[in-house]
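A.B. asks: Sharing a structure with you now.
The values are calculated or read from the model by the stated rules, or taken from the named source; none is laboratory data. Keep in mind that this is a model prediction, so the values were computed, not measured. Here the Cβ positions follow ideal geometry from the backbone for every residue, glycine too, while neighbour counts run over all protein chains shown.
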Amino acid sequence: MAVTALAPGLSRKLKKVLETRTDSPDLLSSLATLSTFYADNTPQARRNLKSSIEQRALAINHHFLDASLAAQQALDTVEEEVNALAECCDQIAKALSGCSESTGDIISTTERLKQELELTTQRQEIVSCFLRDYQLSNDEINALREEELGENFFKALVHVQEIHANCKILLRTHHQRAGLELMDMMSVYQEGAYERLCRWVQAECKKLGDTDNPEVSDLLKTAICCLKERPVLFKYCAEEIANMRHHALFRRFISALTRGGPGGLPRPIEVHAHDPLRYVGDMLGWLHQALASERELVLVLLDTDANSDADSIVHHFSKSSESDHTKFEPEITFVLDRIFEGACRPFKIRVEQVLQSQPSLIISYKLSNTLEFYSHTISDLLGRETALCNTLWLLKDAAQQTFFNILKGRGEKLLRYPPLVAVDLSPPPAVREGVSLLLDLIDTDNSMMVPASVKKPDFDPVITALLDPIVQMCEQAAEALKSKGVLSKRSRTSSDLGSSSRDSLTFDAMLSKKTSTLTQGAEMSSTIYLINCLSAIQQALVDQGVAANYVDKITSDIDTNVSILVQMEVDAILTRCGLLSKISYIQNSTSEVDSEPGPLAQAPEMSPLVLSESLRTFFGLVTGTEGLLPEFEQLQLPRLRSDASIRVARALADGYELLYKAVVDPKNKYPDPRSLVRHSPDQIKTILEI
């Protein structure tokens with residue numbers, strides 16, 4: 001049974017031995033160590049192997065104990081010292097426990113005093129903040145009331161304003177009574193400071209009138225800026241500035257007019273009084289330059305927002321009144337208006353004297369333009385509703401009225417004494433002079449200075465006022481030429497007919513026919529004369545843009561008169577040929593729709609014999625054998641001469657074509673139409689070169 005029980009154990013060990021790897025590092029290391037003390041491989045050694053190993057381990061342990069004996073002794077010493085320290089700590093803890101019990105009262109007292117100190121410190125800070133935000137220091141009170149005005153005064157005034165603003169916040173709390181009392185106190189300080197500041201500013205402003213170009217100190221700028229908080233006081237100071245600069249500008253203007261600059265340079269303006277344009281221009285230029293300098297001075301004084309170098313005090317006051325900035329602009333305009341009010345009267349008197357001296361037409365027009373330019377320019381800087389601008393606009397209107405009065409007088413003189421008509425029907429010298437004068441006015445108008453924001457005034461009234469009297473003068477001369485020509489030629493005709501003819505029955509008819517011819521000739525001459533005058537005006541103005549409307553009107557009048565001239569010449573030619581009545585008869589018979597007239601050949605005045613004689617004369621005029629067609633040599637414009645000749649030829653061709661169609665029409669029963677109208681309408685047009 002014992003063998004049977006051990007067999008499985010041996011088998012497992014044997015199996016374990018057999019499965020052991022002989023090349024593993026642990027096995028190799030163990031064998032190497034075993035070989036150091038296991039030298040003989042004998043049965044006795046194998047049986048004693050386990051004891052040998054145990055002895056070996058025991059020897060190693062003895063060796064370890066011997067080696068660690070010194071360390072063990074040192075650890076014992078350390079343990080003794082630690083125990084001693086623990087005893088000391090226990091003693092100290094006992095001592096501290098006793099001290100805590102004895103000093104507990106002191107610590108609680110210290111904590112209580114520390115809390116009281118913190119509370120007192122907080123109260124001290126609150127009181128300091130209250131005094132800073134709601135009270136003035138003695139130095140600040142002294143600066144507001146007694147010290148000379150300077151930086152400390154304005155700093156104290158700023159502090160007063162800050163306190164006053166803080167009191168408004170205090171009124172919203174339950175400390176309303178304290179806030180009201182503090183506000184009353186600060187108001188007293190503030191009002192006293194502002195009154196003192198106003199008196200000082202007025203005294204300083206009085207010094208500004210002593211020099212022409214005063215230097216404004218930063219202190220004065222700051223003071224005026226501070227006064228903006230009190231509009232009434234600010235207005236007093238603005239009036240003081242206006243009065244001082246008013247007197248100073250008046251003296252400077254009179255000096256510039258009469259004495260000139262220092263040492264006589266620049267020369268006095270009145271030296272050029274003989275030259276109206278330069279005289280008025282120099283005065284306007286001086287006023288414009290003075291306005292620029294005075295405006296700059298007033299802006300420096302009254303409009304501190306325009307100063308980029310303002311200090312912190314000025315910035316504080318300008319910021320506090322920023323929302324009310326626009327309400328001070330009328331003050332600036334008022335000051336500038338008051339300053340230049342004194343120069344209005346002497347300037348107005350001198351300009352009116354210039355206008356009363358009856359300057360030339362060109363000079364008066366240039367004066368009007370110059371005054372208008374400066375009126376717009378100064379109005380932009382100073383304002384329209386000011387004394388100087390009102391004076392400028394009144395003088396501009398007066399100069400313009402003077403200009404138109406001169407034009408009116410010139411026109412009335414031309415109409416009162418119209419010139420004689422030249423033999424060649426050329427325009428009179430008055431037309432050339434008027435056109436030349438108008439061209440000079442146009443050149444002046446083109447070179448006129450006009451501000452960019454202003455529309456250039458209309459030039460048509462000037463053209464109308466200058467040329468309408470000239471055109472009326474030409475029309476009067478043409479009418480006079482017509483009447484004079486008819487009377488003179490009628491008297492010559494009566495004498496040419498002789499006394500023998502006067503006794504005949506045909507005298508009245510001959511005289512009437514001759515008179516009609518002469519009347520027509522006089523009308524044609526007067527029309528040609530009027531066309532020549534209008535053409536002279538048109539040709540001179542055709543390239544001038546400002547006269548485009550008037551040129552269109554003149555062109556229309558020329559076309560109308562040319563049409564009248566052509567019609568009169570056509571009627572004269574057809575009357576001479578005896579065809580005018582015949583063409584009228586044909587037109588009337590054609591237009592009578594209701595009635596049915598008989599054949600034209602049966603009418604007495606349209607008989608073939610009468611018509612043949614008239615057409616013979618007509619063909620002679622057309623071909624040149626019976627005279628020449630009019631070429632309108634007295635028309636001075638070649639284009640009009642050519643146009644009138646062509647229109648006459650075309651009208652004659654149209655009349656002949658009407659007659660030709662009536663003659664060749666079978667219903668008119670002309671026996672031999674081709675013998676009457678030997679030429680076709682196209683042949684007549686070719687002969688007339690149309």
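A.B. asks: Can you report the number of residues in region 391-418 which are among the charged types (D, E, K, R) and over 26 Å from V431 (Cβ atoms)?
C.D. replies: Pass one, region 391-418, residues among the charged types (D, E, K, R): 396-397, 408, 410, 412-413, 416.
Next cut, over 26 Å from V431 (Cβ atoms) only: 396-397.
The number of residues fulfilling the criteria is 2.
Every residue, every condition in (1) among the β-branched types (V, I, T); (2) under 26 Å from the mean Cα position of the chain (by Cα); (3) at positive phi; (4) modelled with pLDDT under 90, yes or no:
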{"position": "D309", "(1), (2), (3), (4)": "no, no, no, yes"}
{"position": "S321", "(1), (2), (3), (4)": "no, no, no, yes"}
{"position": "E329", "(1), (2), (3), (4)": "no, yes, no, yes"}
{"position": "D337", "(1), (2), (3), (4)": "no, yes, no, no"}
{"position": "G342", "(1), (2), (3), (4)": "no, no, no, no"}
{"position": "Q353", "(1), (2), (3), (4)": "no, no, no, no"}
{"position": "I363", "(1), (2), (3), (4)": "yes, no, no, no"}
{"position": "T370", "(1), (2), (3), (4)": "yes, yes, no, no"}
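A.B. asks: While we're here: Can you spot a residue in region 588-595 that is assigned to a helix (DSSP H, G or I) and buried (at least 17 other Cβ atoms within 10 Å of the Cβ)?
C.D. replies: Of all residues in region 588-595, those assigned to a helix (DSSP H, G or I) come to 588-591.
Narrowing the set further to residues that are buried (at least 17 other Cβ atoms within 10 Å of the Cβ) leaves 589.
Taking every residue of region 588-595 in turn, at least one turns out to be assigned to a helix (DSSP H, G or I) and buried (at least 17 other Cβ atoms within 10 Å of the Cβ).
A.B. asks: Output the number of residues of region 360-403 satisfying the condition of being surrounded by 21 or more Cβ atoms within 10 Å (Cβ to Cβ) and aromatic (F, W, Y).
C.D. replies: Selection size over region 360-403: 3.
A.B. asks: Oh, and also: Would you point out the residue of region 207-229, among those that are modelled with pLDDT under 85 and of a type in the set (A, V, I, L, M), that is surrounded by the most Cβ atoms within 10 Å (Cβ to Cβ)?
C.D. replies: For region 207-229, the residue satisfying everything is L208.
A.B. asks: It is to be established whether one or more residues within region 621-638 are touching a residue at least 24 places away in the same chain (Cβ under 8 Å), farther than 30 Å from N532 by Cβ and either of a type in the set (D, E) or part of a helix (DSSP H, G or I) (or both). Lay out the reasoning, then the answer.
C.D. replies: Let us first name the residues in region 621-638 that are touching a residue at least 24 places away in the same chain (Cβ under 8 Å), namely 621-623, 629-630, 632, 634-637.
Now restrict to residues that are farther than 30 Å from N532 by Cβ: 623.
This time we only want the ones that are either of a type in the set (D, E) or part of a helix (DSSP H, G or I) (or both), so: 623.
Yes.
A.B. asks: Next question. Looking at this structure, is A422 part of a loop (DSSP other than H, G, I, E, B) and touching a helix residue (DSSP H, G or I) at 6+ places or on another chain (Cβ under 9 Å)?
C.D. replies: Working: part of a loop (DSSP other than H, G, I, E, B): yes; touching a helix residue (DSSP H, G or I) at 6+ places or on another chain (Cβ under 9 Å): yes.
Taking the combined requirement at face value, the residue satisfies it.
A.B. asks: Also, quick follow-up: What is the number of the single condition among (1) of a type outside the set (S, T, Y); (2) closer than 30 Å to Q356 by Cβ; (3) surrounded by 13 or more Cβ atoms within 10 Å (Cβ to Cβ); (4) at pLDDT below 90 that L302 does not meet?
C.D. replies: Only one criterion is unmet by L302, namely (2).
A.B. asks: Also: Could you tell me how many of the residues in region 440-488 are of a type outside the set (F, W, Y) and within 15 Å of E372 (Cα to Cα)? Reasoning before the result, please.
C.D. replies: The first filter runs over region 440-488 and keeps only residues of a type outside the set (F, W, Y), leaving 440-458, 460-488.
This time we only want the ones that are within 15 Å of E372 (Cα to Cα), so: 444-458.
The total comes to 15.
A.B. asks: Under 6 Å between Cβ atoms, which residue pairs at least 6 apart in sequence (or on different chains) link something in region 256-271 that is in the same structural domain as L284 (by TED's automatic domain parsing) with a partner that is of a type in the set (F, W, Y)?
C.D. replies: A256/W286
A.B. asks: Filter region 33-48 for residues that are at pLDDT below 75 and in a helix (DSSP H, G or I); which is nearest to T20 (Cα to Cα)?
C.D. replies: Filtering region 33-48 down to residues at pLDDT below 75 leaves 34-41, 45-46.
In the following step, the residues that additionally are in a helix (DSSP H, G or I) were identified as 34-37, 45-46.
On the way: L34: 17, S35: 19, T36: 22, F37: 23, A45: 23, R46: 20 Å.
Out of the qualifying residues, it is L34.
A.B. asks: Are any residues in region 452-463 within 16 Å of the chain's Cα centre (by Cα), touching a residue at least 40 places away in the same chain (Cβ under 8 Å) and surrounded by fewer than 14 Cβ atoms within 10 Å (Cβ to Cβ), and if so, which ones?
C.D. replies: Residue satisfying the conditions is S453 alone.
A.B. asks: Just wondering, is there one or more residues in region 129-136 that are modelled with pLDDT of 85 or more, more than 19 Å from C226 (Cα to Cα) and assigned to a helix (DSSP H, G or I)?
C.D. replies: There is no residue in region 129-136 that is modelled with pLDDT of 85 or more, more than 19 Å from C226 (Cα to Cα) and assigned to a helix (DSSP H, G or I).
A.B. asks: Output yes when any residue across region 656-675 is touching a Pro at 6+ places or on another chain (Cβ under 8 Å), over 21 Å from M524 (Cα atoms) and aliphatic (A, V, I, L, M), and no when none is.
C.D. replies: Yes, that holds for at least one residue.
A.B. asks: In addition: Quick one: is E181 over 26 Å from D218 (Cβ atoms) and either among the acidic types (D, E) or touching a Gly at 6+ places or on another chain (Cβ under 8 Å) (or both)? Full working, then the answer.
C.D. replies: Values: over 26 Å from D218 (Cβ atoms): yes; either among the acidic types (D, E) or touching a Gly at 6+ places or on another chain (Cβ under 8 Å) (or both): yes.
It is true that E181 is over 26 Å from D218 (Cβ atoms) and either among the acidic types (D, E) or touching a Gly at 6+ places or on another chain (Cβ under 8 Å) (or both).
A.B. asks: Within the set of pairs 6 or more residues apart or between chains, which connect a residue that is not assigned by TED's automatic domain parsing to the domain that holds L227 inside region 140-151 to a residue that is among the acidic types (D, E) with Cβ atoms less than 7 Å apart?
C.D. replies: Going by the 7 Å Cβ cut-off, there are no qualifying pairs.
A.B. asks: Still on this structure: Of the residues in region 527-562, how many are among the small types (G, A, S) and free of Cβ contacts under 8 Å to residues at least 60 places away in the same chain?
C.D. replies: Within region 527-562, the subset among the small types (G, A, S) is 535-536, 540, 545, 547-548, 556.
From what is left, the residues that are free of Cβ contacts under 8 Å to residues at least 60 places away in the same chain are 545, 548, 556.
Summing the residues that are among the small types (G, A, S) and free of Cβ contacts under 8 Å to residues at least 60 places away in the same chain in region 527-562 gives 3.
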